[in-house]
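For reference, the structure is listed below as structure tokens.
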Amino acid sequence: DKIKAEKHKRIQKWMKEHKSFVKDMSSYSFEIAKGSCAPNDKFDAKFVKEMLEENNLKVDFTASELLKVWRNYSKIKK
């Protein structure tokens, strides 16, 4: 799975270049998990896709792929 590994590295690099966006992902995830947002809000790929669109960020990977890498990255940081 060399292609997956390369994409994973590319997403990690993007995350390092967009630290404020990643910080916002963490903030929204926390707020949704603790119930501070609307009851139907879920921190999922759809939510991340909307965040990317609202910030006019064009990426060459899916919101789902970003979310997966972010979750792995968040686990490592803890």
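No value in this document is a laboratory result; all are computed from the given coordinates. Quantities reported herein were computed from a predicted structural model and do not represent experimental measurements. Because the Cβ atoms are built from the backbone with ideal geometry, glycine has one as well, and the counts that use them run over all protein chains shown.
Pull out the extension gain between Glu31 and Leu57, defined as 0.36 nm times the separation in residues minus the alpha carbon to alpha carbon distance; nm, one decimal.
Here the answer is 7.1 nm.
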In whole Å, largest first, the alpha carbons of the chain cover along the principal axes 40, 29, 21
Would you calculate, for the chain, the mean residue ellipticity at 222 nm contributed by helices, counting each DSSP H stretch of 4 or more residues as -39,500 (n - 2.57) and dividing by all residues, to the nearest 500?
-23500 deg cm²/dmol
Cβ charges +1 (Lys, Arg) and -1 (Asp, Glu), total dipole of the stretch 15-78, debye:
420
Please work out how much length the chain gains when fully extended from Ala38 to Met15, using 0.36 nm per residue of separation minus the C-alpha to C-alpha distance, in nm with one decimal.
5.6 nm
Among the aspartates and glutamates, which have Cα under 12 Å from the Cα of Lys68 when same-chain residues fewer than 8 positions away are ignored?
Asp44
